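Take a look at the structure below.
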Amino acid sequence: MPTSPTRLTRRDFLKQGAAAAGALAAAQAAPLSALAAPAPDIALAKGGPAEATRKAVEALGGMAAFVKPGQKVVIKPNMSFAAGPESAANTHPAVIAELMRLCKEAGASRVLVLDNCLADPAGCLKLSGIAAACEAIDKDCVHALKDERFFRKADIAGAKVLPSTMVMQDVLEADVLIPAPKAKSHGATGVTLSLKGMMGLIYERESFHRIGLDDAIVDLASLLKPKVKLVVIDATSVMTSGGPYGPGPVAKLDTVLAARDMVAADAQAVLLSEWYGQKVAPSQVRHIRYAADRGLGRLDVEKMTVVTVQA
Amino acid sequence: MLQTLSLGAFLALLWLASFRLAQGVTPDLFLWLDPLGAAGSMLAARAVIPAMLAGLIVIASALFVGRFFCGHICPMGATLDLAQRVFRIKKKKNAEPGPGLRRVKHGLLAACLGASLLGVSLVSWLAPMPLVTRFWGLAVFPVVRLGLDSGLGALRPLARAMDWRAASFAVVTVPRFETALFVAALFALLFALLALAPRFWCRHLCPAGALLALFSGRPAWRRGVSQDCTRCGACARACPMGAIAENPAETHFRECIACLRCVRVCPEGAVRFRLFPASAGAESFVPGRRTFLASGLSGAGLAALALAGLDSPALTEGVSGTVVDPDRVRPPGSLPEEEFLARCLRCGECITACPTNTLQPAWLQAGAWGLFSPVAMARRGACDPDCAECGRVCPTGAVRPLPLSEKMWAKMGTAIVLRQKCLAWEWGKPCLVCKEVCPYGAIEMRRVDSSPVTVPFVLGNRCVGCGACESRCPVQATAAIQVEPMGALRLATGSFERTGRGMGLDIRRAVKPGAPAGPENLAPGSSPFDPAPGQAARPTPFDAAPAAPSLESPAGGSPFDPPSKK
């Protein structure tokens, strides 16, 4: 039987409004009930990239805790290099695709996967496998943006070295930004995780090396932090040295990490592996330490609630 | 009709080539047909260039159909006709130059061949196909693409509002070329000359047309006028080439391009093109033997001037005394320079087809005789490891067509670090962008005493000269790492890989697409991390002690080997 579109009467409108208000009140109350069984700060899920991604986000409270219906989401992968998943230079495509699915399930109105690639964009999109994996879910959602018109100037209040920069317009207008980096080594910053990965959202990153890489990374992160409700780090395989491009040895950890704050996520990821053949404390990574010093998050992960789940 | 199709095909091929889409076809097809391109470059290169044999066939065709090619196939003629219509260029009354000027094209032809005889190619200055390819590819297409891209940009707010993803993120990349203004100015001049006479270039200047004219004295298929002619002169007024004599029954056959306009305008239907018609020829405008010889000698003289110059194309690179501009980096697979310059038409096909825009028409990087020839400008873009379009679209084989596996070994040059500009070397900042972007793993970060951070070294035997490092170096103005033609592999024949291996080159991709990565570690004693709390400032503050000098080796170094142990 065909359904006819219902007309919205004043009465219905009031009813719906009341229902919505009730729902909002319930949502406000949710944190109180959460106190009883506190959601962990960091979740580590072991397993294949897709399943572990889903499990990790679930363990942290589910995507509905981070993405509300109708919101616009940008996922920031690593896809800067024209290389396949086995090289561990880019985020595993299954991780990004699964995040995309979760966002859609949570009711996001629009989910975009955006990066300003270092290498030739067409090669990055193709060889990383991210475009193919995500476009199967939603078409035209993965883009490597380089052209100036996709970026807008953003001022960074309280910046140390980067008072303003050009950030992707879709990121500035998004409700939620989900950094989803690959865990890998980096010859200049030690590791490159969610904080360092933000450099892929701006128009001109060359100057970072001139003005002070670590401080500039933290400045940029301070600008984007309000949009970051969830961080997912792909540590299914980790390039433990020779990064960011490689080649480097790849350690198979079968782990996906989810956290609410970039600093904690990166700090925990540092502890997952040896880097350049040595154990490293999160505070030894300059940009992570600077970010914590400036109040962008916590790096004392040993004092945080970390759960490990099997996918 | 045929002319429109021909120009359309020419533009379509060039446009597709410029997006790297002309796969499975030869976008350089029209270049093959250039009569002067064929004769001039084969003579200069002293080689048979297979594709260019088509140009010789075009020359031979003149015996049968005269300058049909000029009237129907040549994109230069079509471009001039188009310009005349688009810009509504009206012929000025009595502005037409006298018949003497028609001889100029023959003089230019003789000069061009005279220079080619000495091995110096002036084809790029005079042959219509390279000229017109440069015009469209280097001057017009970038403007069209900028227009399209601006259109997309203007549409973007709407596309975003409607969530038309593909449209909102679409871009048309805009290639940017050196010399474009110069190329455009030359054509502005040719267009302006149309006010004096239609097809001014074809009538008076085109040496390729002159070459065809030499064989079109009385082509088999030609213009004939029947007895019905009333001598009204309508045909003569309509003829774009001024190929009809005062008596309209007579034709200057060497000038006629068989455009058939005279057939269409004749009110009596008296003009027809047929095989072996009864017809009367008129003055040919071919200069005498003496003039030909003089023109040829002046061309040879120009060539001699080139050969005597500091930038002589005949000097051998690498021999002391030969001056090479450090910016003269050639496309991968380019022939040895002398042969390269003899063959290269400077048509700009490779430059138009280059997806990263690294290939640029040269100003003076290759000397005055290499103007418009392709050079790789790494600061603009890097040579893509997964592309060999330049060789594929080159009509003359000046850039050899190579499969990707061979092209990788066709070393274009070597990167050198300008330490005084380098962030890591000079300023102690942790920068490794060059290493990060090198597709061949040719940059190694090492620890040195003079810098607190690791610094880049180029491994010469792994460097291809692609310029990825130079293109991304974050230092402003002059990059701190630059590609020079030093060590470039220029082979006329044979395998680049075999020769390269024989020279000790070790060229491979840093990360092969699809292949697992191998191990690679930081320089010994260096660390990108800060020391752990409570540790010394640097984990290993000292270099390893040098090995104790052996007794045999004299201190201070010696050109001689130590005495052998007995």
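Which length gain, in nm to one decimal place, applies between residue B:426 and residue B:268 when the Cα-Cα distance is subtracted from 0.36 nm times their residue separation?
The span from residue B:426 to residue B:268 would gain 48.4 nm if fully extended.
Among A:76/A:153; A:225/B:421; A:126/A:182; A:55/A:139, which pairs are too far apart, with a Cα-Cα distance over 28 Å?
A:225/B:421
Taking neighbour Cβ counts within 10 Å as the exposure measure, how do A:109, B:334, A:222, B:216 sort from fewest upward?
A:109, A:222, B:216, B:334
Calculate how large, on average over all directions, the projected area of the Cα convex hull of segment A:182-311 is; give the answer in nm² to one decimal.
7.9 nm²
Per-residue Cβ counts within 10 Å, from other chains only, averaged over A:77-87: what number is that?
Counting other chains' Cβ atoms within 10 Å and averaging over A:77-87 gives 4.
Near residue B:407, which lysines are there with a Cα under 18 Å away, not counting those fewer than 8 places off in the same chain?
Filter leaves B:512.
Given Cα pairs under 8 Å that are at least 6 residues apart, what percent is the relative contact order of segment A:39-310?
It rounds to 24 percent for segment A:39-310.
So which lysines can residue A:279 reach, going by Cα to Cα under 16 Å and dropping same-chain residues fewer than 8 places off?
A:184
Sorted by packing (mean other beta-carbon atoms within 10 Å per residue), highest first, where do B:287-298, A:61-72 land?
Answer by packing, highest mean first, reads A:61-72, B:287-298.
Can you sort B:349, B:250 from fewest to most other Cβ atoms within 10 Å of each residue's own Cβ?
B:250, B:349
Can you give the translational diffusion coefficient of the protein assembly as shown in µm²/s, computed by Stokes-Einstein from the Kirkwood radius over Cα pairs at 37 °C and 0.692 mPa s?
D, rounded to a whole number, is 104 µm²/s.
Helix-only mean residue ellipticity at 222 nm, chain B, DSSP H runs n ≥ 4 weighted -39,500 (n - 2.57), per residue, nearest 500. What is it?
When only DSSP H runs of four or more count, the value is -10000 deg cm²/dmol.
Going 7 Å from the Cα of residue B:232 toward and past its Cβ, which residues in segment B:249-277 have a backbone nitrogen under 15 Å from where you end up?
Residues B:249, B:262-272 qualify, since their backbone N sits under 15 Å from the label point.
Using the count of nearby Cβ atoms within 10 Å as a rough guide to exposure, how do B:225, A:142, B:123 rank from fewest to most?
With the fewest neighbours first, B:225, A:142, B:123 line up as B:225, A:142, B:123.
What whole-number distance in Å separates the alpha-carbon centres of segment A:137-187 and segment B:403-450?
Centre-to-centre distance over Cα atoms comes out at 27 Å.
Give the Rg (one decimal place) followed by the Dmax (whole number) of segment B:1-42, computed from C-alpha coordinates and expressed in Å.
Over segment B:1-42's Cα set, Rg and Dmax evaluate to 11.8, 32 Å.
What Kirkwood hydrodynamic radius do you get for segment B:204-254 when you take the inverse of the mean 1/r over all pairs of distinct Cα atoms, in Å?
Mean inverse Cα-Cα distance, inverted, gives 12.1 Å.
For a quick check of your reading of the filter: which GluC sites (Glu not before Pro) in segment A:116-177 sit in a DSSP loop and have no more than 14 other Cβ atoms within 10 Å?
Filter output for segment A:116-177: A:173.
Along the three principal axes, how long is chain B when you take its alpha carbons, biggest first, rounded to the nearest angstrom?
110, 75, 38
Please compute the average number of Cβ atoms from other chains found within 10 Å of each residue's Cβ in peptide A:149-155.
Per residue, the number of nearby Cβ atoms from other chains is 2 on average.
What chymotrypsin sites (Phe, Trp or Tyr not before Pro) in segment B:349-391 are in a loop by DSSP, with at most 16 other Cβ atoms within 10 Å of the Cβ?
Filter output for segment B:349-391: B:363.
Can you give the alpha-carbon Rg of segment B:171-244 over 2.2 N^0.38 Å, where N counts its residues?
The value comes to 1.66.
With a 10 Å radius around each residue's Cβ, average the other Cβ atoms per peptide and rank A:48-54, A:298-304, highest first.
For the peptides A:48-54, A:298-304, the packing ranking is A:48-54, A:298-304.
List the pair-distance distribution P(r) of segment A:116-231, using every Cα-Cα distance, as the percent of pairs falling in each 5 Å bin from 0 up to the bin containing the longest distance, rounded to whole percents.
2, 11, 19, 24, 24, 14, 5, 2, 0
For segment B:104-175, take the alpha-carbon Rg, divide it by the Kirkwood Rh, and send me Rg/Rh.
We get a ratio of 1.40 for segment B:104-175.
Mind ranking B:226-232, B:67-73 by how tightly packed they are, going by the mean number of other C-beta atoms within 10 angstrom, highest first?
Packing proxy ranking, top to bottom: B:67-73, B:226-232.
Based on alpha-carbon centroids, what's the gap between segment B:356-375 and segment B:26-63 in Å, whole number please?
23 Å
How shielded is B:157-164 by partner chains, expressed as the average number of their Cβ atoms within 10 Å of its Cβ atoms?
1
In chain A, with Lys and Arg counted as +1 and Asp and Glu as -1 at Cβ, which of these residues, A:273, A:133, A:119, has the Cα nearest the positive end of the dipole, that is, farthest along it?
About the Cα centre, the residue reaching furthest to the positive side is A:133.
Two-decimal Rg/Rh of segment B:338-484 from alpha-carbon positions, Kirkwood Rh?
1.02
Can you give the Kirkwood hydrodynamic radius for segment A:39-310, in Å, rounded to one decimal and based on Cα pairs?
Computed over segment A:39-310, the radius equals 17.9 Å.
Read-outs throughout are calculated quantities, based only on the coordinates presented, and are distinct from any laboratory measurement. Model, not experiment: these values are computed from the prediction. For neighbour counting, all protein chains shown are included, and Cβ atoms are generated from backbone atoms with ideal geometry for every residue, glycine included.
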